[in-house]
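Each value in this text was obtained by applying a stated rule to the coordinates, not by laboratory testing. Everything numeric here is computed off the predicted structure, so don't read it as measured data. Positions of Cβ are generated from backbone atoms using ideal geometry, with glycine treated the same way; all protein chains shown enter the neighbour counts.
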């Protein structure tokens, strides 16, 4: 069987699709599975082990090779995990006899046209991992608990080890990832600074700050640096996606708002505090036992999740709330990086 999987969204979306890809591989070990992703996800592809071939859509390029491969791939099944115009076109181009997507795609008349099988699974009522697993039902694969499936190559550790050595960090440390592609998800710089100072000054836990090199994200990090009183270990712009995943895997604690690092931490079971406000933690939260979710407007960590929760400003999460949950994690902050 020749299977095409389309995931044409962001990095976090790809990470949360890997359980479905792993389930697909488990059900059809002899199949050839081709995964098509967006250019921004390309750096993570060496860690996605359940596929045989990867295709990349590149922005502002002709993409002739990609389109030719889709058209001549002789795919038996196309699974569209995306549900947008581009993925509908790619599904049509694949000419697979079975072209499967979700029932909600039918709300847009032109997107539904390439497909001949539809799966009834609610985006709102399911965690994103489960929603992706539901798409496999027409292939006889039931939804079963499946972990995020990432396997980092050994080379991914090289840059994190070098940076940690240069920073003089040879024991437990925290990764702090304050940035994201969406500025409305940013938490106030002075609050991040207070948390970093608490970890480093009061707990003796060095913090390394990760992030991208985009100007708006660098401006946010510079504002945090302005308020920090303890040593500033800035690794932003120095790690590719695999390096970021590797340093999160080695960390004793991960602090981040809802963005790709939350899902990388979930992949490796890293103790983490995840800040949610603009997106609903019901659908996007890390689901391992060492993850704590703080949601705007709630004074305590969430233990019950509401699929109908509305977006809220991250400013409703207090510095004290974050510090309290970090302190509550202290008993579990053993040197875990040697175990991974």
Discussion item. Give me the one-decimal nm value for the distance between modelled label points at residue 161 and residue 76, 7 Å along each residue's Cα-to-Cβ direction.
Written reply: 4.2
Fill in: For region 18-94 versus region 277-312, the gap between their alpha-carbon centres in whole angstrom
31
Worksheet item: Under the definition of Cα pairs under 8 Å and six or more residues apart, what whole-number percent is the relative contact order of the chain?
Response: 15
Fill in: Cα-based convex hull volume of the chain per residue, rounded to whole Å³
136
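Between rounded, prolate and oblate, where does region 165-230 land on the alpha carbon gyration tensor, with a ≥ b ≥ c its root eigenvalues, rounded for a/c under 1.5, else prolate if a/b exceeds b/c? Don't jump to the answer; show the numbers that get you there.
Working: a/c = 2.21, a/b = 1.55, b/c = 1.42.
It comes out prolate by the Cα gyration axes.
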Worksheet item: Ranked from highest to lowest mean number of other Cβ atoms within 10 Å per residue, what is the order of the peptides 289-295, 68-74?
Response: 289-295, 68-74
Worksheet item: For the pair residue 324 and residue 92, how long in nm is the line joining their label points, each one 7 Å along Cα→Cβ?
Response: 5.4
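Figure the gain on full extension for residue 67 and residue 42 (residue separation times 0.36 nm, minus the Cα-Cα span) and round it to one decimal in nm. Numbers along the way, then the final one.
Numbers: separation 25, 0.36 × 25 = 9.00 nm, distance 1.70 nm.
Here the segment from residue 67 to residue 42 would lengthen by 7.3 nm.
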Practice prompt. Estimate the FRET efficiency between residue 315 and residue 124 by the formula 1/(1 + (r/R0)^6), using the beta-carbon distance for r and 25 Å for R0, to the nearest 0.05.
Written response: 0.50
Worksheet item: Relative to the present Cα-Cα distance, how much length would full extension add between residue 171 and residue 306 at 0.36 nm per residue of separation?
Response: 44.8 nm
Worksheet item: Once you sort the root eigenvalues of the Cα gyration tensor of region 154-339 as a ≥ b ≥ c, which label holds: rounded (a/c under 1.5), prolate (a/b larger than b/c) or oblate (the other case)?
Response: rounded
Item to complete: Can you tell me the order of 163-172, 30-39, 57-66, 3-12 when each peptide is scored by its average per-residue count of other Cβ atoms within 10 angstrom, highest first?
Response: 3-12, 30-39, 163-172, 57-66
Fill in: Cα-based shape type of region 2-139, given that a ≥ b ≥ c are square roots of the gyration tensor eigenvalues and the cut on a/c is 1.5
rounded
Practice prompt. With runs of 4+ DSSP H residues as the only contributors, calculate the mean residue ellipticity of the chain at 222 nm using -39,500 (n - 2.57) per run, divided by the residue total and rounded to the nearest 500.
Written response: -9000 deg cm²/dmol
Worksheet item: What FRET efficiency comes out for the pair residue 1/residue 227, r = Cβ-Cβ distance, R0 = 45 Å, nearest 0.05?
Response: 0.20
Practice prompt. Grab the beta carbon distance between residue 108 and residue 188, set R0 = 41 Å, and tell me the FRET efficiency rounded to 0.05.
Written response: 0.60
